[in-house]
Amino acid sequence: MGLLSRKATCNTHGQDSSYFLGWQEYKKNPYNEVNNPNGIIQMGLAENQLCLDLLEPWLMKNPDALGLKRDGISIFKELALFQDYNGFPAFKRALVDFMGEIRGNKVSFDPNHVVLTAGATSANETLMFCLADQGDAFLLPTPYYPGFDRDLRWRTGVEIVPIHCTSSNGFKVTLPAIEQAHRQAQKRKLRVKGVLITNPSNPLGTTMARDELDLLINFIEDKQIHLISDEIYAGTVFTSPSFVSVMEVLKDRNLDQTQVWERVHIVYSLSKDLGLPGFRVGAIYSNDPVVVSAAIKMSSFGLVSSQTQYLLSAMLFDKKFTKEYMSENHKRLQKQQKDLVSGLEKAGIRCLDSNAGLFCWVDMRHLLKSNTFEAEMELWQKIVYHVKINISPGSSCHCIEPGWFRVCFANMLESTLKLAIQRLKSFVSSIAMKSQSHQELKSLRRKARNNWVSRLSLQSFYDREQDTTTEVSFSYRPHFMSLSNIAATLDAAA
Amino acid sequence: MAIEIEKPSSVRLSKVAISKTHGEDSPYFAGWKAYDENPYDEIHNQSGVIQMGLAENQVSFDLLEKYLEEHHEVSSWGKGAPGFRENALFQDYHGLKSFRQAMANFMEQIRGGKAKFDPDRIVLTAGATAANELLTFILADPGDALLVPTPYYPGFDRDLRWRTGVKIVPIHCNSSNNFQITPEALEAAYQSAESMDLKVRGVLITNPSNPLGSTIQSSVLNDILDFAVHKNIHLVSDEIYSGSTFSPSEFVSIAEILRNRNYKDAERVHIVYSLSKDLGLPGFRVGTIYSYNDDVVTTARRMSSFTLISSQTQHLLACMLSNHEFTQNYIKTNRERLNKRYDMIIQGLKKAGIECLKGNAGLFCWMNLSPLLNEPTRQGELELWNIILNQVKLNISPGSSCHCSEPGWFRVCFANMSEQTLRVALQRIHKFMEQRKVCSVNQ
């Protein structure tokens, strides 16, 4: 039997990562309020389920959009035959208007620069194919969406080099971090073709500040490379600071119509803002006509269903509806986020201050046994298998600091969120109790050990000085062994 | 292959982006442009270019429209849209189970029950375009080769090669035996690849064939499978036109061949299908890969993340294709109508003194205009093609764009227009042939 390709047999699809494993566990035992109240609550899926009830009445009021009719007359044939990769013109017009609205109309988009793709997953991969060759690299700030490992690298052969961000400054991108990443890439003999940012950030849930965007623009200008801004969460900004797109910054700096303008590309999708991931609607927006041209041809491999383009062109054209929808969307996201943040606070867990997204970036460093990724994994496994909540460990997002977790809040009812918070509270209390009794036991053991040590050291008093417990136990192995066995038994009982 | 670098920004794009492997500069697409600029319309533009270069099936729309009229709920998730929420959130790359089940049933019906399909082996992709590229990514590494019989669908140059970096080595077929694939041709192609230092990973056939419009015989399918086994390579069978065979008994799927062999050697066989031709729904982007190889199914499923089918569309089609009465009637009626169109065009061409390859499937016929060539070369063929496009005002596809090794053959589509338009096209051809006779008599 002929072998499969290297792409088929490698692990770059990333499905062995904890991000996906947690998902699998959830699928085996999914929480259900009625049928499975002890199941795993899914908080590892960044979906927006809070406003689908607003879409349903719109659909009922607009039967033509669903029934593939225009003014009551069937256009089924026209749509069924429409496979033009330039996209349904009405849909592109409606989409760019919507994108402009989300950015407070501070930027406007030209429908001729839009390339439609089957989801942002496809858009990101397509941009990689257009901008980089196999073996080239893109710099990405960490922590980042785990799916990028597959989307940007798997079939394209492009490498990701991380720009490490830390909690010391709220995970903001800094110039030293970018430069360090660039040097790292050069050390690995990788040609850097650009930087890819997600703004608002997944998993942080924060919007990028103007100075960060300035920094990035200056950097790509200097290095003459590309900047991709994945703005898939642009419509989920529920509180200040308001969203500033990289396009806005370019405009404000009068950089439109310059060379750097043509090296900045935006990725968008309706999967998060409108909560329609099943419909597979993504877009690339580029100011470079050569990129648009190449990407459009590539979109043949992942076009958006004309049936769906038609439905959504009608929906997005209803500006009154979309305005109301977005406003309500923000309100509900804000409330749900507040509930999660305050609930976690009561459990002694803090979150990074966030103003966007469908998740919080949660600080559980104080719950780790040690400041290591092994300890993070151990904690994660406890949370998935014992507390029965699927959350995403920071290591799956390539975070450089152990102990951070992404916790989603927009894919569940308020009642489920409350239950999840309760479970976490109980878990944290039990750790506290364990740790308390562990401390007590530890001090008991220390006392016991000290007795042994004193006796032993008395024996060797003439040979050596009394020292720390470890050194003594090392010298007196047989005793240490029995000590450690006792200690291990005590530990297990704790 | 490299283009002139006019703008500095082109330098910073990938090799893939600036290459010409997308193939859009070939005559196949140039003819489209001419049509776009001056499209024929029965009422408004009777002297326009008639599009006969687009393999679309427009003969059975009324059946689909009738079904939708009678079953509103399939487009709207029922009254009050109870299923909408779940459907809108559904992005599982396994695809809707009900849809996969419906597809498996539909594929079985097309094959008259002579093959069985397991819904769990069906991987969904946004069109056969995506399916073919995806399979190529899985079965071959950059620089490897796939063997493809000529003439073949021009889109393969892009779909199989562009982003994958895989090469196509042609299996040359010719008119001496009605363009059938022979063991000698297979072996010659393999040797040719070896001499170029290319590792052959598989054979890709289209059955029924595009552009020939004919089914591959059972004995030939067996030969091809034996060849694949002998060389230890894959076999991909693109059966996108399987439902467009005029007579159901004449189509033999590779699935049947495998069944007859008790599925021995099945793990190297993969089938591509789509609803774009049989149901005439290219806009909905519905393609599938059916593989007998578990690893391929798993990997293809994961890769399909880049090219999922809209859940809204999966829902609509799951309902439609689960309606057994509808599908039986559709398949039967569609075949009859295509057959009628085929007869009409063949008769019309015959009256004009033009022979075609004997066909029994598809949305086109393979027309022989070699007697009309000034010179029996590709150049001669393109000259003739230009005349037909610009003077006769018909866009047809020259054999060279399908990599045919014999000049003078053309693919002519007949199912993407009304009967009236087809009559007009045949009249124009008749007139053209008359004029040429007059010219040659006068010379």
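Bear in mind that the values in this text are calculations on the coordinates, not laboratory data. Since the structure is predicted, the reported quantities are computational estimates derived from the model, not experimental observations. Note: ideal-geometry Cβ built from the backbone for every residue, glycine included; neighbour counts use all protein chains shown.
Structure summary
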quantity: Largest-first ellipsoid semi-axes for the range A:1-121, taking √(5λ) over the Cα gyration tensor eigenvalues, angstrom; calculated: 36, 26, 19
quantity: Segments A:51-58, B:380-387 sorted - mean Cβ within 10 Å per residue, highest first; calculated: B:380-387, A:51-58
quantity: Normalised per residue, the volume of the convex hull around the Cα set of chain A (Å³); calculated: 207 Å³
quantity: Set of aspartates and glutamates near residue A:92 by C-alpha distance (under 12 Å), chain-local residues within fewer than 8 positions excluded; calculated: A:110
quantity: Orphan Cys of chain A, criterion: no other Cys C-beta under 4.7 Å; calculated: A:10, A:51, A:130, A:165, A:397, A:399, A:408
quantity: Helix-only CD estimate at 222 nm, as mean residue ellipticity for chain A, using -39500 (n - 2.57) per DSSP H run (n ≥ 4); calculated: -15000 deg cm²/dmol
quantity: At R0 = 22 Å, FRET efficiency that the Cβ-Cβ distance of residue A:441 and residue A:374 yields, to 0.05; calculated: 0.45
quantity: Globularity index of the range A:111-184, i.e. its alpha-carbon radius of gyration over 2.2 N^0.38 Å; calculated: 1.24
quantity: Average beta-carbon neighbours from other chains, 10 Å sphere, peptide B:290-301; calculated: 2
quantity: Dipole moment magnitude, nearest 20 debye, chain B about Cα centre, only Lys, Arg, Asp, Glu C-beta charged; calculated: 220 debye
quantity: Estimated distance in nm for a label pair at residue B:199 and residue B:33, the labels positioned 7 Å out from Cα along Cα-to-Cβ; calculated: 3.9 nm
quantity: Zone of residue B:332's modelled label, taken as backbone nitrogen in the range B:246-287 under 17 Å from a point 7 Å along Cα→Cβ; calculated: B:246-250
quantity: Chain B, helix-only ellipticity at 222 nm - DSSP H runs n ≥ 4, -39,500 (n - 2.57), divided by all residues, nearest 500; calculated: -13000 deg cm²/dmol
quantity: Rg over Rh [alpha-carbon atoms, Kirkwood Rh] for the range A:166-316; calculated: 0.99
quantity: Binned Cα-Cα distances of chain B, short to long, each 10 Å bin given as a whole percent; calculated: 4, 20, 30, 27, 15, 4, 0, 0
quantity: Efficiency of FRET between residue B:178 and residue A:85 - r from beta-carbon atoms, R0 41 angstrom, step 0.05; calculated: 0.75
quantity: Relative contact order, percent, chain B [alpha-carbon distance under 8 Å, six or more residues apart]; calculated: 23 percent
quantity: For chain B, built as a Gaussian network whose Cα springs stay under 10 Å, the top-fluctuating residue of B:131, B:352, B:55; calculated: B:352
quantity: Cross-link reach list, lysines versus residue B:277, counting only Cα pairs under 18 Å and skipping chain neighbours closer than eight places; calculated: A:77, B:332, B:340
quantity: Footprinting exposure proxy for A:145, A:385 (fewest neighbouring C-beta atoms within 10 Å first); calculated: A:385, A:145
quantity: Average beta carbon contacts from partner chains per residue of A:5-13, 10 Å cutoff; calculated: 5
quantity: Theoretical gain in end-to-end length, residue B:437 to residue B:218 [0.36 nm per residue, Cα-Cα removed]; calculated: 74.7 nm
quantity: Where the Cα pairs of the protein assembly as shown fall when distances are cut into 20 Å bins, in %; calculated: 13, 41, 31, 11, 3, 1, 0
quantity: Cross-link pairs beyond the 20 Å C-alpha cut-off, checked among B:350/B:437; B:20/B:199; A:27/A:331; B:33/B:431; A:106/A:251; A:331/A:425; calculated: B:20/B:199; A:27/A:331; B:33/B:431; A:331/A:425
quantity: Dipole of the range A:236-322, positive direction: furthest Cα of A:316, A:238, A:261, with charges on the beta-carbon; calculated: A:316
quantity: 5 angstrom amide H check on residue A:163, placed H, neighbours 5+ away; calculated: A:140, A:142
quantity: Principal-axis tilt of helix A:52-61 within chain A, Cα atoms, nearest 10 degrees; calculated: 20 degrees
quantity: Span from the the range A:180-234 Cα centroid across to the the range A:31-99 one, whole angstrom; calculated: 32 Å
quantity: Reach of residue A:369 by Cα under 16 Å, taken over lysines that are not fewer than 8 positions away in the same chain; calculated: A:382, A:434, A:442
quantity: Cα centroid separation, the range A:334-376 to the range B:35-95 (Å); calculated: 48 Å
quantity: Simple Cβ-charge dipole of chain A, Lys/Arg +1 and Asp/Glu -1, about Cα centre, in debye nearest 20; calculated: 1160 debye
quantity: Peptide A:410-416, shielding by other chains (average Cβ, 10 Å cutoff); calculated: 0
quantity: Förster radius 30 Å - calculated FRET efficiency between residue A:335 and residue A:34, Cβ distance, rounded to 0.05; calculated: 0.80
quantity: In degrees, nearest ten, helix A:18-28 long axis to first principal axis of chain A (Cα); calculated: 90 degrees
quantity: Extension gain (nm, one decimal) between residue B:105 and residue B:24, 0.36 nm per residue minus Cα-Cα; calculated: 25.5 nm
quantity: Max mean-square fluctuation residue, GNM over chain B, Cα-Cα springs under 10 Å, options B:432, B:106, B:156; calculated: B:432
quantity: Potential lengthening between residue B:187 and residue B:339 on full extension [0.36 nm per residue; Cα-Cα distance subtracted]; calculated: 51.2 nm
